[in-house]
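What follows is a set of notes on a single structure, which appears directly below.
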Amino acid sequence: MTAPLWERPTGRESAADRGEYAAPTVRSLLDEARTSIPLSEARLLLRHILGVSHAALEAHPERKVSLQDTASFRALAARRAEGCPVAYLTGCREFYGLDFHVTPAVLIPREETELLVDIAVERPVRRILDLGTGSGCLAIAVAKQLPQAQVTAVDVSAAALDVARENAARHGVAVRFLQGDWFASLEGERFDLILANPPYVAEADPHLAQGDVRFEPRGALAAGPEGLDDIRRIVAGAPAHLAPGGRLYFEHGYDQAPAVAALLAQAGFVDIEQRRDLAGILRVSGGAQP
Ligand code: GLN
């Protein structure tokens, strides 16, 4: 601690008193931050503040960082050290090769959800519905891949829809956004493909109290005692909103594959299919309209 000015004996001014503080460098800030957060995350946060590429940051470790940018970076690093997800701090996350704006109003897009885009791309159809769109990542990636499709996206959260609309505009795709609870705003409408990444974590799952998910909207994650409440509603409601031969596919928890296969069969779905994510876990299930 430097003594306050009024207590300091004259003739022993510090560099700060003389206005000679050396601006921190990229290297010194990264060294400082890595004592509390991983270096890879510190780099992402600093790149975000400086607006530079990974290569540019690496190439100029001695680059001076202004005091204002230094303060901004330290504030973000401190919030990360408290647990706030990097995606909420930078406001963006990549999904299916596209950059999405994210805020704490939406779930942070996850790699395993890309499986649902792959499924849509395999069998292109016209009318596609994304239930619980959140950031819009799924609907927008599908619309981008299938320009002929008419994509509708629903969410119960107005704040999430604001983020999703902004993302659709950013990527120049026309997606129809509707606010509503699952099928509530879709009276009388039918689709060729229904996709969903619903909440599916059990309310009491200790995972909800750990790491990044603590900062995500609870309503996008948790769904009743077994995590199946919303999946049950989607499976039960889908047949009335599928065109003949239309298909439903949704993401679910790592241990829910047997339960969701049973739910699909009970609801009369045929040609039931389950797919593994990159980690080898059965992660997406679906079937065709009864
Ligand atoms: N896969 C997410 C998690 O485990 C949950 C996402 C979801 O509920 N749709 O945190």
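Being assigned to a helix (DSSP H, G or I), in contact (Cβ under 8 Å) with a residue 60 or more places away in the chain and among the charged types (D, E, K, R), is that true of even one residue in region 142-163? There is no residue in region 142-163 that is assigned to a helix (DSSP H, G or I), in contact (Cβ under 8 Å) with a residue 60 or more places away in the chain and among the charged types (D, E, K, R). Flag: residue 238 does not match the condition of being under 16 Å from residue 109 (Cα atoms) and aliphatic (A, V, I, L, M). Scanning region 96-136 for residues that are charged (D, E, K, R) and within 15 Å of the ligand (Cβ to nearest atom) turns up 110, 111, 112, 114, 130. Go over the candidates 245, 237 one by one and state the one that is away from the ligand (no atom under 11 Å from the Cβ), more than 14 Å from residue 284 (Cα to Cα) and not in a helix (DSSP H, G or I). Residue meeting the stated conditions: 245. Would you check if residue 274 is away from the ligand (no atom under 12 Å from the Cβ), at pLDDT 95 or above and either of a type in the set (Asp, Glu) or surrounded by fewer than 16 Cβ atoms within 10 Å (Cβ to Cβ) (or both)? When the stated conditions are applied, residue 274 does not pass them.
Residue 139 falls short on exactly one of the conditions (1) within 16 Å of the ligand (Cβ to nearest atom); (2) assigned to a loop (DSSP other than H, G, I, E, B); (3) within 15 Å of residue 170 (Cβ to Cβ), and that condition is (2).
If I filter region 114-126 for residues that are in contact with a Ser or Thr (Cβ under 9 Å, 6 or more places away or on another chain) and touching a residue at least 12 places away in the same chain (Cβ under 8 Å), do I get at least one hit? No, the conditions are met nowhere in region 114-126. If you go through region 183-198 and keep only what is in a loop (DSSP other than H, G, I, E, B) and crowded, with 20+ Cβ neighbours inside 10 Å, you end up with 197, 198.
Taking the criterion of being in contact with a Phe, Trp or Tyr (Cβ under 8 Å, 6 or more places away or on another chain), part of a helix (DSSP H, G or I) and modelled with pLDDT of 95 or more, would at least one residue in region 80-91 satisfy it? Yes. Only a single item in (1) charged (D, E, K, R); (2) assigned to a helix (DSSP H, G or I); (3) surrounded by fewer than 12 Cβ atoms within 10 Å (Cβ to Cβ) is not met by residue 31, and it is number (3).
For the subset of region 210-233 comprising residues that are in a helix (DSSP H, G or I) and more than 12 Å from the ligand (Cβ to nearest atom), which member is surrounded by the most Cβ atoms within 10 Å (Cβ to Cβ)? Step by step, filter region 210-233, then rank; the result is 232. Cβ-Cβ distances below 7 Å connect the following pairs, each with a first residue in region 226-247 that is of a type outside the set (Phe, Trp, Tyr), a second residue that is assigned to a helix (DSSP H, G or I) and surrounded by fewer than 22 Cβ atoms within 10 Å (Cβ to Cβ), and a separation of six or more residues or different chains: 228/259; 231/263; 232/263; 235/263. Contact map, region 206-217: first residue at pLDDT 95 or above, second residue more than 10 Å from the ligand (Cβ to nearest atom), Cβ cut-off under 6 Å, separation 6 or more or different chains; pairs are 212/85; 215/84; 215/85.
The values are calculated or read from the model by the stated rules, or taken from the named source; none is laboratory data. Values in this document were obtained by computation on a predicted structure and should not be read as measured data. Positions of Cβ are generated from backbone atoms using ideal geometry, with glycine treated the same way; all protein chains shown enter the neighbour counts.
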